[in-house]
Amino acid sequence: MKLLLISGGSHPYEQSTPVLEGFLKGAGHDVTVSEDPSVLADAAGMSGYDALVFNTQRAGDNGMTKAEQSGLSSYIEGGKGFVCIHISGAASEDWPEYYDITGGGWVMGRSFHPPYGTFAVDIKNAAHPGAKGISGFETNDELYMNVEFKDGNDVFITADFVEGTYPRNNPQGEPIPMAGGTYPLAWTKMHGTGRVYVTLLGHDGLSQETPEFQKIVLNGVDWVTGQA
């Protein structure tokens, strides 16, 4: 498949994007990497890609222009695939409708997570195409909480968390109460006639080196392009 991989923003993409590009190419995909989202506004150019992969943070100072936002929406709505990784689902203040495309994601200033570390990931729906070939596993990553989450998402990967008070976002963060429960980590949905595949995993290079994470993403590319 011919994939456009958009990177860049205030995350360790210098670590993660080469890992992501590497295993996508290793699976036989033709991958173009760009940190310039202006291509999203070029409908003719975008038509040459089978799917769009976001490993990027495009909220706040890194927000997309209205033309780029419209191009992204139209590309997916018209039947192309979208794989959205980690904080890539965060919406700019001027484009809350982005959550209608992704089904939810990180909310700047509202969402939080305990410090980066190791936790167990559970397969909620083993029959889902996104879970093909994956069993429960441990990963080094961030467990996102208090995210935007829309009704109708088909969740297939989750993680359980024990209630307690933890530093917010990093070891130096302000300790805050965090609720126990089961948190969604990957889901699918439709936007128009296009398929959308979201995982909240994948913070950095180590996270994306996890074999199961790579399988989740590869399953996602297959699903959004109609190969699964």
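None of the figures in this text is laboratory data; all of them are computed from the coordinates on show. Just so we're clear, the structure is a prediction, and the values are computed from it rather than from any experiment. Heads up, the Cβs are rebuilt from the backbone with ideal geometry, glycines too, and the neighbour counts pull from every protein chain shown.
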Within the range 166-203, of all residues that are charged (D, E, K, R) and outside any strand (DSSP E or B), the one surrounded by the most Cβ atoms within 10 Å (Cβ to Cβ) is Arg168
For the range 85-101, state whether one or more residues are under 18 Å from the mean Cα position of the chain (by Cα) and exposed (fewer than 13 other Cβ atoms within 10 Å of the Cβ).
yes
Limited to the range 99-134, what total is found for residues that are among the polar types (S, T, N, Q), part of a loop (DSSP other than H, G, I, E, B) and either under 19 Å from Ser73 (Cα atoms) or touching a helix residue (DSSP H, G or I) at 6+ places or on another chain (Cβ under 8 Å) (or both)?
1
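Kindly state which helices (runs of 4 or more DSSP H) lie completely within the range 1-98 and contain at least 2 residues that are among the aromatic types (Phe, Trp, Tyr).
Those helices (runs of 4 or more DSSP H) span 13-26.
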So is Gly78 surrounded by fewer than 24 Cβ atoms within 10 Å (Cβ to Cβ), within 25 Å of Leu218 (Cα to Cα) and in contact with a helix residue (DSSP H, G or I) (Cβ under 8 Å, 6 or more places away or on another chain) or not?
no
When the range 152-165 is examined, which residues are found to be within 29 Å of Asn125 (Cα to Cα) and either in a strand (DSSP E or B) or of a type in the set (Lys, Arg) (or both)?
Asp154, Val155, Phe156, Ile157, Thr158, Ala159, Asp160, Phe161, Gly164
